[in-house]
Every structure is written in C-alpha cells, then in structure tokens.
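Worksheet: one structure, shown below.
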Amino acid sequence: MAKRRSRFTNNRALQSATLLVVSLSVALAIWLAIVAIADLPAFILPSPGQVWERFLRALADGSLARHMWVTLQEVLLGLLVGVGAASLLGYALAKSRRLERALAPYVVASQSIPIVAIAPLLVIWFGPGLLSKVLICALIVFFPVLINTIVGLHSVPQDLRDLMRSLRASRWQTLRLLELPAALPVFLAGLRIGATLSVIGAVVGEFVGADRGLGFLINVGRGEYDTALVFVAVFTLIATALVLYGLVVLLESRLLWWQRVNGNRT
Amino acid sequence: MSKKAAPLLEVKDLSAAYRDRGGELCVLERISFTLQRGQFVCILGPSGSGKSTLLRVLAGLLPAKSGFVKLNGAPVLGPQHGVGLVFQDANLMPWRTVSQNVGLPLEVNVSENGASESRIKKMLGVVGLSRFSQSLPAELSGGMAQRVAIGRALIQEPDVLLMDEPFGSLDAITRERMGEELLRIWNLEHKTIVMVTHDINEAVYLADRVLVLSSRPARIKVDTPIGLARPRKPTLRYSKSFGQLAAKLRKAIE
Ligand SMILES: Nc1ncnc2c1ncn2[C@@H]1O[C@H](COP(=O)(O)OP(=O)(O)O)[C@@H](O)[C@H]1O
Ligand SMILES: [Mg+2]
C-alpha cells in the first residue's frame with residue numbers, strides 16, 4: 001500500500017517536472033525567436049542572454065539580494081498580520097450569526113475598493129517604509145483568508161459538533177480537536193491564494209512609494225531604460241511567489257496527509 | 001436486580017419543539033416512558049416523526065419544552081456523563097486513526113480510571129477491530145466504521161447507549177451482522193440501549209421492548225415488550241412468533 005502510494009506520487013512529480021521543463025523551453029525559444037526576428041533594441045526587449053548577464057551583475061553587487069530581502073520581509077509580515085487578523089475575525093464571525101450579519105456588509109464593501117486605490121493613502125499615513133507595505137499586504141491577504149476561515153468552520157459537520165457537545169468538550173477542546181483539523185483544508189486553500197496575493201500587495205506598495213524592494217527595482221530599471229533589470233526583478237518576484245505557493249502546498253501535504261488515504265469504503 | 005430499583009431513565013410528559021420561521025414546530029408531544037437498567041429498547045416510527053429529536057433530548061443536546069428526562073434520578077438539563085451516542089453515519093474524524101477515534105472521549109474528559117492506552121486497546125478488542133487500530137476511517141468499510149463509532153460511545157462506560165439508526169446506511173447483510181455484533185457487545189457490557197431504527201425486523205430481533213411513535217407531533221402509539229427468549233439466533237427471524245410480532249408492529253405503524 002505504502003509502496004504503491006509513493007510510486008504514484010513519484011510518477012506525478014516526474015510528470016509535472018517534465019512538463020515544467022518543456023513549457024519553459026518553449027517560452028524561452030519563443031522569446032529568442034522574437035528577439036532574433038524583430039531585432040528589437042535591448043531597452044524594449046532584451047535577449048535572454050542579456051537578462052541573464054544583468055541577473056549575474058545584480059547578484060554580484062548584492063543589490064538583488066538586498067531588494068529581495070526587503071520585499072520578502074513585507075510579504076511575510078503582511079501575510080502574518082493578514083492571516084492572523086483574518087482567522088481571528090473569521091472564527092468570531094463563524095461563531096456568531098449576529099456578528100456576521102452586522103459585519104458582512106462592511107467586509108464585502110471593503111473588497112470593492114481596489115487595493116491600488118488605497119495604497120497611496122496608506123503610504124501617506126504610514127510613511128514610505130516597511131509598515132505601509134505590510135499593511136497593504138495584510139489587506140490584500142485578509143479577504144480570501146477570512147472567507148475561507150468562515151467557510152471552513154461552517155463545513156464542520158453538525159453531527160461531529162453534537163458529538164463534541166455530548167462529550168462536554170470545552171470551547172477550546174472543540175477548536176483544537178474538531179474545528180481546526182476539519183476547517184484546515186479550506187483554510188489552507190485560502191492561505192495558498194493569500195501567499196501569492198501578498199507578493200502582489202508588496203509590489204503595489206513599492207510602486208506607490210518606496211526606496212527599496214523589487215517593485216522599486218522595477219521602477220528604477222524602467223527609469224533608466226535598463227529593461228533587463230526590469231526582467232530580472234519580475235522573474236525574481238515570480239520565483240518568490242512560486243516558492244511561497246510551494247511552501248503552502250508542502251504544508252498542505254504535511255498536514256492533510258490523511259486526505260490522500262483512499263480506501264475501499266463500501 | 002430487583003423490580004423496585006429506580007428506573008435508569010425516566011421520561012415524563014416530554015414535549016419538544018423547534019423554532020420555525022416565526023412559529024414553532026411541535027415535534028414531540030407528551031412522551032412518557034421509563035427504562036430499567038440493562039434494557040434494550042427500539043424506537044420505531046415514520047420518518048420525520050421526531051425519533052432523532054427524541055434521542056437529542058435524551059442526550060441533553062436539545063432542551064425539552066415541557067416535561068422532563070431523568071437519568072439515574074437526576075434531571076437531564078444538558079449533555080451528561082454516562083450517555084454514549086451513536087449516529088447514523090459513523091461520524092468519525094477522518095484525520096484520526098481508528099484508535100484515536102475510539103479514544104476521543106478519553107482525550108476530552110481526561111480519564112481517572114486507568115490509562116487510556118489500555119482502555120482503547122480493550123475497547124478495540126470488544127468491537128473486533130484490534131487489527132485496524134492504525135487504519136484511517138477512509139480505509140474502513142461501513143460496518144467497520146460503525147463499530148468504531150460504537151467503541152467510541154462505549155469507552156467512557158456510559159449507563160445508556162443512544163443509537164440513531166446506527167445501521168441505516170448499511171446493506172442488509174452487513175446490517176444483520178452488525179445486529180449480532182451489537183447483541184454480543186450488549187451481553188459483554190450490560191448496557192442499557194435505546195436504538196432508533198426504521199427496520200421492524202431489526203427491532204423485533206434485537207429489543208426487549210419496542211416503542212412506536214406516531215407521525216409528527218410524535219406520541220407513543222404502542223409500547224410493547226418483545227418476549228422472545230435470549231440468546232436469539234438468526235433463524236429466529238423465520239419463526240412464527242417473530243412474524244406475529246413483526247406483523248403487529250407493522251400494523252401499528254401504518
Ligand atoms: N434543527 C431543526 N430545526 C427545525 N426543524 C427540525 C430540525 N431538526 C428536525 N426538524 C424537523 O423535526 C421533525 C422531526 O425530525 P427528526 O427528529 O429528525 O425525525 P426522524 O428522526 O423521526 O426522521 C422533522 O419534521 C424535521 O423536519
Ligand atoms: Mg432521524
């Protein structure tokens with residue numbers, strides 16, 4: 001059984017790795033072809049080689065790592081604050097219909113304000129430093145995590161709730177033994193969305209006003225017609241988002257191992 | 001046990017209702033019965049009549065509108081220690097192994113009498129799942145899952161076991177086998193059992209006594225003892241006395 005399962009996952013990992021390599025090669029080939037055929041200047045479309053060169057240079061002078069670290073801090077702190085606030089409020093809303101009815105309009109309304117529109121305000125209020133970016137990330141992460149927390153908690157079967165009540169479980173015991181594990185799959189799906197959104201939030205914040213970070217680096221590259229640098233920054237952002245996403249997926253497979261067990265239920 | 005012993009469970013003039021859009025949905029109406037320790041009672045009734053509601057009130061999960069339920073002489077005002085619950089679906093936690101599911105009550109109410117480990121082990125033996133202690137619910141058949149649920153309900157050594165159509169979602173053969181299993185466990189543990197079922201034959205085969213509820217609002221329509229000798233063998237189902245009892249109950253329900 002265990003053996004069959006591991007071979008199955010190995011197969012799938014191999015398949016998706018192959019797919020990744022193939023699709024990357026195709027993208028690279030198209031890129032090369034466009035550069036070769038259109039013969040564009042480097043400040044419009046640099047060749048892969050030029051981008052690679054620029055990448056090595058940014059790596060060597062330490063600027064890439066420095067800016068990336070700034071963005072990563074914003075992303076992670078924003079994620080922490082956003083997920084913390086959203087799961088606490090989500091728990092409260094899921095527990096109290098009255099609170100949900102009272103707050104739901106505000107929560108939904110807050111979502112119709114595009115984050116790009118309030119980012120300048122946050123920068124004005126909280127300065128061009130770390131704090132405003134963390135708040136922007138937290139805001140953008142907040143909603144999907146909130147919704148998934150509520151949906152996850154509502155998905156706990158009533159019979160299991162009755163069981164815990166019949167055992168006279170405390171609120172904390174019910175949370176720990178039933179609600180947390182039962183809501184976890186949906187909650188983690190929200191976290192997965194939140195992790196990538198947080199990267200977007202950080203870049204939006206840095207575009208609006210910052211003197212460091214990958215978003216700032218993109219602005220610098222654009223200003224100096226150093227388009228290769230823009231590419232380097234964009235790729236680094238994509239890689240950051242992918243790694244974060246991958247970490248959440250890894251967390252899911254660690255915590256939700258029981259979902260992969262399929263039996264012969266009759 | 002003397003006849004004069006106080007009843008284990010006393011239900012008197014019990015009514016219950018759900019709040020319904022604006023109004024009130026009366027589900028139970030003046031239900032009265034008493035239960036002696038060790039009795040096996042089955043409750044029959046049309047679907048939607050209030051059988052599950054009755055169990056919920058007995059379990060202290062739903063407050064009575066009027067009347068009362070007493071367990072061991074004390075009024076039931078909320079969930080009680082000493083009541084074990086079994087639901088129609090096994091209602092297991094899919095992230096817990098069989099032995100973790102069986103041991104859940106001991107984790108909630110940290111046990112005084114004896115280490116949980118050995119009690120779980122013993123209970124797995126009682127329900128015949130020792131070999132599957134580390135399996136996950138997804139790996140079990142319906143009958144096995146329901147045995148886990150029974151083990152979980154019994155592990156706190158409750159005075160009364162409340163079962164709501166516990167075998168309702170099993171196929172006919174598994175259901176009969178689980179009936180046998182339940183009788184074996186009942187003999188072993190000497191529990192009082194209140195079991196809701198929609199299967200007349202199951203009720204006659206298992207019970208000492210059958211209560212038939214009317215359609216909603218439920219009243220007790222028939223309260224009849226099942227005098228068939230024990231131990232009961234599967235072939236009993238084809239005997240004349242069994243058929244007569246089943247026919248009588250069927251008529252009472254219609
Ligand atoms: N939580 C609830 N709220 C409102 N009405 C309910 C609720 N649960 C059950 N009912 C209603 O009460 C009646 C009895 O339900 P139930 O006790 O589940 O019946 P049975 O178990 O006999 O099929 C049904 O008409 C059902 O619709
Ligand atoms: Mg029912």
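The values are calculated or read from the model by the stated rules, or taken from the named source; none is laboratory data. As the structure is a prediction and not an experimental result, all values here were calculated from the model. All Cβ positions, glycine included, derive from the backbone under ideal geometry; neighbour counts span all protein chains shown. Side chains are part of the model used for accessible areas, which takes the heavy atoms of the whole protein and leaves out ligands, DNA and RNA. Shrake-Rupley method; radii C 1.70, N 1.55, O 1.52, S 1.80 Å.
Could you tell me which numbered condition B:ARG19 fails, if it satisfies all but one of (1) away from ligand 2 (no atom under 16 Å from the Cβ); (2) touching a residue at least 12 places away in the same chain (Cβ under 8 Å)?
(2)
I need a count of the residues in the range B:172-186 that are touching a residue at least 12 places away in the same chain (Cβ under 8 Å) and farther than 18 Å from B:GLY82 by Cα.
Residues in the range B:172-186 being touching a residue at least 12 places away in the same chain (Cβ under 8 Å) and farther than 18 Å from B:GLY82 by Cα: 10 in total.
Out of all the residues in the range B:46-89, which are surrounded by fewer than 23 Cβ atoms within 10 Å (Cβ to Cβ), closer than 28 Å to B:VAL102 by Cα, more than 9 Å from ligand 1 (Cβ to nearest atom) and of a type in the set (Gly, Ala, Ser)?
If the condition is that a residue be surrounded by fewer than 23 Cβ atoms within 10 Å (Cβ to Cβ), closer than 28 Å to B:VAL102 by Cα, more than 9 Å from ligand 1 (Cβ to nearest atom) and of a type in the set (Gly, Ala, Ser), then B:GLY60, B:ALA74, B:GLY78, B:GLY82 are the ones that fit.
Considering only residues that are open to solvent by 10 Å² or more (accessible area, probe 1.4 Å) and within 14 Å of chain A (Cβ to nearest Cβ), which ones fall in the range B:117-149?
B:PHE132, B:GLN134, B:SER135, B:ALA138, B:GLU139, B:SER141, B:GLY142, B:MET144, B:ARG147
Mind listing whichever residues of the range B:157-190 are open to solvent by 20 Å² or more (accessible area, probe 1.4 Å), within 30 Å of B:ALA115 (Cβ to Cβ) and touching a strand residue (DSSP E or B) at 6+ places or on another chain (Cβ under 7 Å)?
Hits for the range B:157-190 are B:ASP159, B:TRP186.
Could you check the range B:158-190 and list, in sequence order, the residues that are within 19 Å of B:ASN72 (Cβ to Cβ) and not in a helix (DSSP H, G or I)?
Residues satisfying the conditions are B:PRO158, B:ASP159, B:VAL160, B:LEU161, B:LEU162, B:HIS190.
Could you check, for the range B:91-98, whether at least one of its residues is more than 10 Å from chain A (Cβ to nearest Cβ) and at negative phi?
yes
Within the range B:83-90, can one find any residue that is of a type in the set (Gly, Ala, Ser) and either in a loop (DSSP other than H, G, I, E, B) or more than 16 Å from ligand 2 (Cβ to nearest atom) (or both)?
Yes, some residue in the range B:83-90 is of a type in the set (Gly, Ala, Ser) and either in a loop (DSSP other than H, G, I, E, B) or more than 16 Å from ligand 2 (Cβ to nearest atom) (or both).
Are any residues in the range B:13-45 in a loop (DSSP other than H, G, I, E, B), surrounded by 13 or more Cβ atoms within 10 Å (Cβ to Cβ) and more than 7 Å from ligand 1 (Cβ to nearest atom), and if so, which ones?
B:GLN36, B:ARG37, B:GLY38, B:GLN39
In the range A:231-266, which residues are more than 14 Å from every other protein chain (Cβ to nearest Cβ), among the hydrophobic types (A, V, I, L, M, F, W, C), open to solvent by less than 80 Å² (accessible area, probe 1.4 Å) and out of contact with any Lys or Arg (no Cβ under 6 Å at 6 or more places or on another chain)?
Within the range A:231-266, A:PHE231, A:ALA233, A:VAL234, A:LEU237, A:ALA239, A:ALA241, A:LEU244, A:VAL249, A:LEU251 qualify.
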